[in-house]
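Worksheet: the structure to be examined is printed underneath.
The values are calculated or read from the model by the stated rules, or taken from the named source; none is laboratory data. Every value quoted in this text rests on a predicted model; they were computed, and no experiment measured them. Don't worry about glycine lacking a Cβ; one is built from the backbone with ideal geometry, like all the others, and counts go over all protein chains shown. With ligands, DNA and RNA removed, areas are computed over all heavy atoms of the protein, side chains included. Shrake-Rupley method; radii C 1.70, N 1.55, O 1.52, S 1.80 Å.
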Amino acid sequence: MKPDDSGLLLGQHTPVVQQYSPQLLHPIPRINARRDLGLGETLPFHGVDQWHAYEMSWLDVAGKPVVRVGRFQVTADSPNIVESKSFKLYLNSLNSMRFSSEEAARATIVADIGAVAGADVTLALFTVGDPGLAGATLSGDSLDDQPLAPWEGEPQAAQLQVKAGVLVEEAVYSHLLRSLCPVTGQPDWATVWLHYRGLEIERSSLLQYIVAYREHQEFHEQCVERMFCDIHARCAPEFLHIQAFYTRRGGMDINPFRSTDASALALPRLDRQ
């Protein structure tokens with residue numbers, strides 16, 4: 001579904017903003033893309049949109065720059081996505097803002113992002129060399145050496161071939177995910193990981209399904225929710241976790257995580273990002 005891009009900064013020339021400007025933040029309602037998936041108010045998944053912001057800076061009371069890397073989490077049940085370019089421009093607008101402490105800066109940022117997302121937001125701040133930013137190692141098997149049958153057109157749940165009566169628990173991943181921005185048409189690159197217990201999905205068909213996103217135009221969060229719904233419909237899992245790790249653009253990466261388990265936690269970033 002093509003989004004309503006009225007008011008979007010994405011794809012437009014934008015001047016550098018020198019003053020604190022929370023009004024730059026732009027919400028994108030989740031409801032339209034979810035209606036396209038046949039979803040109502042009760043969602044079949046839980047999860048978060050996890051962002052890393054690598055270009056965060058403000059001033060201390062003496063005017064000295066403070067530089068941090070931020071890990072944001074916005075819950076999947078929030079009414080809005082925060083549009084990525086507006087997010088970046090907002091963070092840049094903090095560069096000349098003086099804060100009395102790191103906690104004061106964090107509180108302001110969390111309040112501003114939460115107001116646009118329509119839900120509580122968490123933010124962990126890291127120094128540039130913090131070992132907590134180290135890339136995770138994914139569990140499971142890579143799909144990327146599987147044979148790939150030709151496919152033309154949009155990704156479809158029917159691509160996913162399951163083995164009737166064969167129940168498995170497995171984790172698999174692929175580095176071959178590419179989707180397109182629905183506003184600019186530019187490519188977004190990612191690794192996608194999933195862990196499930198249910199009817200076994202034939203691995204070459206799963207890889208074919210993932211590669212079918214190569215010309216698919218949707219925001220990162222929407223792609224992951226589409227994958228979750230299609231896989232859930234095909235393999236009837238007892239549980240399903242899925243996360244995509246999109247490489248950074250404009251100093252930010254996005255890592256949507258969706259799960260049948262409300263207590264499941266998103267994985268951190270990958271070295272690739």
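Table for the structure above
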{"item": "Options 43, 25, 8, 37; residue that is touching an Asp or Glu at 6+ places or on another chain (Cβ under 7 Å) and at pLDDT below 60", "result": "8"}
{"item": "Residue, nearest to residue 165 (Cα to Cα), within the stretch 213-239, restricted to residues that are open to solvent by 10 Å² or more (accessible area, probe 1.4 Å) and aliphatic (A, V, I, L, M)", "result": "236"}
{"item": "Among the residues listed as 253, 230, the single one being under 18 Å from the mean Cα position of the chain (by Cα) and under 22 Å from residue 52 (Cα atoms)", "result": "253"}
{"item": "Candidates 242, 201, filtered to the one that is open to solvent by less than 30 Å² (accessible area, probe 1.4 Å), among the β-branched types (Val, Ile, Thr) and under 22 Å from residue 77 (Cα atoms)", "result": "242"}
{"item": "Close pairs (7 angstrom Cβ cut-off, 6 or more residues apart or separate chains): closer than 17 Å to residue 265 by Cα in the stretch 61-76, open to solvent by 70 Å² or more (accessible area, probe 1.4 Å) and of a type outside the set (Val, Ile, Thr) anywhere", "result": "76/46"}
{"item": "Qualifying strands (runs of 3 or more DSSP E) (wholly inside the stretch 157-252; at least 3 residues being hydroxyl-bearing (Ser, Thr, Tyr) and within 24 Å of residue 46 (Cβ to Cβ))", "result": "162-180"}
{"item": "Residue match in the stretch 90-99 (condition: in a loop (DSSP other than H, G, I, E, B) and either within 30 Å of residue 238 (Cβ to Cβ) or among the β-branched types (Val, Ile, Thr) (or both))", "result": "no"}
{"item": "Among (1) in a loop (DSSP other than H, G, I, E, B); (2) open to solvent by 70 Å² or more (accessible area, probe 1.4 Å), the one test that residue 136 misses", "result": "(2)"}
{"item": "Contacts under 8 angstrom Cβ, first residue in the stretch 182-195 being without any contact (Cβ under 8 Å) to a residue 60 or more places away in the chain and closer than 28 Å to residue 232 by Cβ, partner polar (S, T, N, Q) and part of a strand (DSSP E or B), 6 or more apart", "result": "187/179; 190/179; 192/174; 192/243; 194/243"}
{"item": "Evaluation of residue 123 against (1) out of contact with any helix residue (DSSP H, G or I) (no Cβ under 6 Å at 6 or more places or on another chain); (2) in a strand (DSSP E or B) (one fails), failing number", "result": "(1)"}
{"item": "Residues of the stretch 142-170 that turn out to be of a type in the set (A, V, I, L, M, F, W, C) and open to solvent by 80 Å² or more (accessible area, probe 1.4 Å), as a count", "result": "4"}
{"item": "Which listed residue is in contact with a His (Cβ under 9 Å, 6 or more places away or on another chain), β-branched (Val, Ile, Thr) and at pLDDT 95 or above, from 192, 224, 168", "result": "192"}
{"item": "Only one of 116, 168 that is of a type outside the set (Lys, Arg) and within 30 Å of residue 27 (Cα to Cα)", "result": "116"}
{"item": "Whichever residue in the stretch 64-89 is assigned to a helix (DSSP H, G or I) and farther than 15 Å from residue 253 by Cβ and, among such residues, is least open to solvent (accessible area, probe 1.4 Å)", "result": "86"}
